Amino acid sequence: MTTMRRRTFLGWAAATFTSQTQGAAARPLRSRPNIVFLFSDEHRWQSMSCSEMPELHTPNMARLAAEGTMFTHCISNLPVCSPYRGMLMTGRWPHQQGVTDNGIPLDSQQVTIGKAFKSAGYRTGYIGKWHLGGVRAEPFGFDESLIWTEDNTHWDTARYHPREGEPIRPKGYNARLMTDQAMEFIGEKDHRPFFLMVSWNPPHSDFLDAPDEKKVLYPPGSLPWRANVPESVRRGGEMKENAIWSKSTWPYCQGYHAHISAIDDEIGRVLACLEERGLDGETLVIYTSDHGSMMGSHGLGGKRQPYDESLRVPFFIRWPGVAPKKRIVRSLFGAPDIMPTLCGLAGLSIPDSCTGRDLSRSILSGHDPDSEPQLIMHISKAHASGGENHPAPLFRGLRTERYTYAVREDGPWLLFDNRTDPFQLANRIDDPALAETRKKLHVEMIKRLRKAGDPFVSK
């Protein structure tokens, strides 16, 4: 199956990117690293053998942790597919670039991570789920793109879209097919360093169509329920206030984690490809996800929630000989920080349009960055499953090192002390002992919302 074509490089983008800050010293083109940015859909932080589920089979994620840096508090600030991707692509908050829900395209006039790397001389590629409108990533700075659609069913039905000709519907597990295309991109002969983004659909639902060889790893009772999953859900009952996403009985839990183990295999294939081609030492590899999944916690399914199962996602950086090994960073890190940080790691000028932080100096030096509070939000559900009837409430909030604070349009909603209550079981929003804390959190939230251009502050 021919999935990639060599294309003549017609010239780099003419846009000028002025430096906001330099995270790593500027390097000549040939000394800059290749970057492979791998991300899946709906993989929560808690579900890995190297995080909170040692029973899970994820040896390659554990390898990334052993051979690189693992962020334990990477936050999906708006835990929905398209809004995360809008922040990832631009380093900007949703109201600054317009993608506030699924179904809203990203404006191709935005300064994007693809444009930043292409203008610096990188060969750029994007493979997999796009979810930002259309089926081409070239207008966003990518020399080559193979966008996949209809990929929530993970076998035989998804299509990818070549630049020319009709969409192609190959047979097989779509994450594996996307990896095949990624390895072909990596193998193209070119004098330039490359920047490749690979967006796998699993473990996003359909949870029930995970590979059979991964399902058998998890017979009933082999994986623990989180402490905040109600007994009624463990017994197979429908989740409270969430009939749309009643998918946390055992077959769904089994399938979700089986997909994660399948994605782990794909990470391993990418790492092996880099090693076989002698690119391992000059390639920076990242693995993360767009958002988490409740999977029955608090009696809920899906995402779009302010709880850690929805917000916290994996984030690994592996750069042999450069980034420290076996390093655990507990500092908070958000989606808008990714673009400026990757630019900094590559020694690129960071576009002035980015509002996220560049953490590259901290990553390379081995010193933990300052932990800044992260905005959390659910802005719109017009394009959610069920539309405006989707049960997840709209909210704004703040995730700090210790607290989670959330406000709905009708007033304060949640306050958790994550240090003493890691499963977020005790809502202390009306606790007099935390009244001053709540006030400070609210002031900080409002300040950050204003900087993010969020009109919620005027309501």
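Coordinate-derived values only; no laboratory data. Small disclaimer: the values here were computed from a predicted structure and weren't measured. Reconstructed Cβ throughout: ideal geometry from the backbone, glycine too, with neighbour counts over all protein chains shown.
Sorting LYS303, LYS189 on the 10 Å Cβ count, fewest up front, what's the list? Mind showing how you got there, number by number?
Numbers: LYS303 28, LYS189 5.
Ranked by crowding around the Cβ, least crowded first: LYS189, LYS303.
Only four residue types carry charge here, +1 at the Cβ of Lys and Arg and -1 at the Cβ of Asp and Glu. Report the dipole size of the chain about the Cα centre in Debye, rounded to the nearest 20. Before the final figure, lay out each step's value.
Values: 56 positive and 53 negative charges, 198 e Å.
Magnitude of the dipole: close to 960 debye.
Just to check I understand the Karplus step: with θ = phi - 60° and J = 6.51 cos²θ - 1.76 cosθ + 1.60, what whole-Hz values come out for segment 359-374, glycine and proline as x?
Listing the rounded values in order: 9, 5, 4, 5, 4, 7, 7, x, 9, 5, x, 4, 9, 8, x, 10 Hz.
So for the pair ILE429, TRP225, with labels modelled 7 Å out along Cα→Cβ, what separation do we get in nm?
Taking the simple label geometry, ILE429 and TRP225 are separated by 2.5 nm.
Quickly rank 376-386, 319-329, 276-286 as a protection proxy: mean count of other C-beta atoms within 10 Å, highest first.
Working: 376-386: 19.5, 319-329: 15.5, 276-286: 17.2.
Final packing ranking: 376-386, 276-286, 319-329.
Which one, SER380, PHE37, LEU146, is farthest towards the positive end of the dipole of the chain when Lys and Arg carry +1 and Asp and Glu -1 on their Cβ?
Result: PHE37, furthest along the dipole toward the positive end.
Order 428-439, 363-374 from most to least packed using the mean count of other Cβ atoms within 10 Å. Mind dumping the intermediate values first?
Numbers: 428-439: 13.1, 363-374: 16.5.
Result, highest mean Cβ count within 10 Å first: 363-374, 428-439.
Pop the C-beta distance of GLU55 and ALA382 into the FRET formula with R0 = 25 Å and round what comes out to the nearest 0.05. Mind showing how you got there, number by number?
Numbers: r = 39 Å, r/R0 = 1.54.
Computed FRET efficiency for GLU55 and ALA382 comes out at 0.05.
How charged is the neighbourhood of GLU42? Take every other residue with its Cβ under 10 Å from the Cβ of GLU42, and add Lys/Arg as +1 and Asp/Glu as -1. Don't jump to the answer; show the numbers that get you there.
Values: positive: ARG44, LYS303; negative: ASP41, ASP290.
Summing Lys and Arg as +1 and Asp and Glu as -1 gives 0.
Which ³J(HN,Hα) values, rounded to whole Hz and listed in residue order, are derived for segment 34-46 from phi using the Karplus coefficients 6.51, -1.76 and 1.60 in 6.51 cos²θ - 1.76 cosθ + 1.60 with θ = phi - 60°, glycine and proline given as x?
These are the phi-based 3J(HN,Hα) values: 5, 10, 10, 9, 9, 8, 9, 10, 6, 8, 7, 4, 5 Hz.
What ratio of Cα Rg to 2.2 N^0.38 Å holds for the chain?
Working: Rg = 21.0 Å, N = 459, 2.2 N^0.38 = 22.6 Å.
Normalised Cα radius of gyration, the chain: 0.93.
If Lys and Arg each add +1 and Asp and Glu each add -1, what is the summed charge of the other residues whose beta carbon sits under 13 Å from the beta carbon of PRO105? Each step should come with its number before you reach the end.
Values: positive: ARG85, ARG136; negative: ASP101, ASP107.
Taking every other residue near PRO105 into account, the sum is 0.
Which residue, GLY356, TRP155, SER205, has the largest displacement toward the positive end of the dipole of segment 32-372 when charges sit on each Cβ (Lys, Arg +1; Asp, Glu -1)?
Farthest towards the positive end: GLY356.
Looking only at segment 171-194, which residues have a backbone nitrogen under 19 Å from a spot 7 Å from the Cα of THR149 in the C-beta direction?
Only 171, 174-175, 178 fall inside the zone, counting backbone N under 19 Å.
Got a sec to turn the phi values of segment 432-437 into Karplus ³J(HN,Hα) couplings, 6.51 cos²θ - 1.76 cosθ + 1.60 with θ = phi - 60°, whole Hz, x for Gly and Pro?
Along segment 432-437, the couplings run x, 5, 10, 4, 5, 4 Hz.
Amide H neighbours of MET197 under 5 Å, at least 5 residues apart or on other chains, H built in the peptide plane: list them.
It is PHE37, GLY125, TYR126, ILE127, by chain and number.
Between ASP190 and ARG159, how high is the FRET efficiency from 1/(1 + (r/R0)^6) when r is the Cβ-Cβ distance and R₀ = 30 Å? Nearest 0.05.
Working: r = 27 Å, r/R0 = 0.91.
That pair, ASP190 with ARG159, gives E of 0.65.
About its Cα centre, how strong a charge dipole does segment 177-307 have in debye, to the nearest 20, once Lys and Arg get +1 and Asp and Glu get -1 at the Cβ?
For segment 177-307, the charge dipole is close to 740 debye.
Assuming R0 = 25 Å, what is the FRET efficiency of HIS367 and SER31, from their Cβ-Cβ distance, to the nearest 0.05?
Working: r = 23 Å, r/R0 = 0.93.
Approximately 0.60, to the nearest 0.05.
TRP45's amide H: which non-local residues (gap 5+, or another chain) put their own amide H closer than 5 Å, with H modeled 1.01 Å from N in plane and none for Pro or chain starts?
So TRP45 has HN proximity to ARG312, VAL313.
What ranking do THR90, THR149 get, fewest neighbouring Cβ atoms within 10 angstrom at the top? If you can, show how the numbers build up before the last one.
Values: THR90 30, THR149 14.
Starting with the residue having the fewest Cβ neighbours, the order is THR149, THR90.
Under a crude label model (7 Å from the Cα following the beta-carbon direction), how far is LYS325 from VAL135 in nanometres?
Distance between label points: 4.5 nm.
Can you list the residues, at least 5 places off or on another chain, whose amide H is less than 5 Å from the amide H of ILE429, using H built in the peptide plane?
LEU415
Spin-label point model (7 Å from Cα, Cβ direction): what's the ARG169 to ASP421 distance in nm?
4.9 nm
Starting from 0 in steps of 5 Å, tell me what percent of the Cα-Cα pairs of segment 393-458 lands in each bin.
Taking every Cα pair in segment 393-458, the percentages come to 4, 18, 29, 26, 14, 7, 2.
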